[in-house]
Amino acid sequence: MHIELNNGEQVEANELRAYGDNNYDLYRSRGVPMQKNLDRKINKGVFDFDKSVKLWRYWTDDANKRYKADSGYSFSTKVRQDVAFNKALDYVLDLDDTPIETKCALLQTTEYGQFMGRVWI
């Protein structure tokens, strides 16, 4: 589900996303296996965007846990959910060698597709 964030929450979301994207251990232990799993789902034709958001939420929660261990600050649930949603969206949009029509189809069957309407084409 797409979440509207205020400016402060958006700054926090950017911070959490940057922290997670730049943490090699998180990339190696969570990111790569998750991307391979999602690639298999797409190839089998059983990919579900809403479930991929849930999967990216595990990545986001792990990034939050590591950030808290480093700095003592924990991000809100709303911020973590927004980061997970955007990671899932970026994953679909960044698929290599995939026609835009296929990407649209992956998103149109979801709550996100209903939110965006006909923006994609």
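Which residue out of Asp21, Asp50 is in contact (Cβ under 8 Å) with a residue 12 or more places away in the chain, closer than 14 Å to Lys87 by Cα and acidic (Asp, Glu)?
Within the list Asp21, Asp50, the selection yields Asp50.
For the range 1-26, which positions are under 15 Å from Tyr91 (Cα atoms) and crowded, with 17+ Cβ neighbours inside 10 Å?
Within the range 1-26, Arg17, Gly20 qualify.
Answer yes or no: is there a residue in the range 83-100 that is polar (S, T, N, Q), within 21 Å of Leu5 (Cα to Cα), in contact with a Ser or Thr (Cβ under 8 Å, 6 or more places away or on another chain) and assigned to a helix (DSSP H, G or I).
no
Looking only at the range 27-45, which residues are touching a helix residue (DSSP H, G or I) at 6+ places or on another chain (Cβ under 9 Å) and either closer than 19 Å to Leu89 by Cβ or crowded, with 18+ Cβ neighbours inside 10 Å (or both)?
Result: Tyr27, Arg30, Gly31, Met34, Gln35, Asn37, Leu38, Lys41, Ile42.
Test each condition in (1) part of a helix (DSSP H, G or I); (2) crowded, with 20+ Cβ neighbours inside 10 Å for Lys103 and report the one that comes out false.
All conditions are met except number (2).
Take the conditions hydroxyl-bearing (Ser, Thr, Tyr), outside any helix (DSSP H, G or I) and surrounded by fewer than 17 Cβ atoms within 10 Å (Cβ to Cβ) and apply them to Ser74. Does it pass?
When the stated conditions are applied, Ser74 passes them.
Since every read-out is calculated from the coordinates, none of them should be taken as a lab result. Note that the structure is predicted; figures quoted are calculated from it, not measured. Cβ coordinates were reconstructed from backbone atoms using ideal geometry, including for glycine residues, and neighbour counts include every protein chain displayed.
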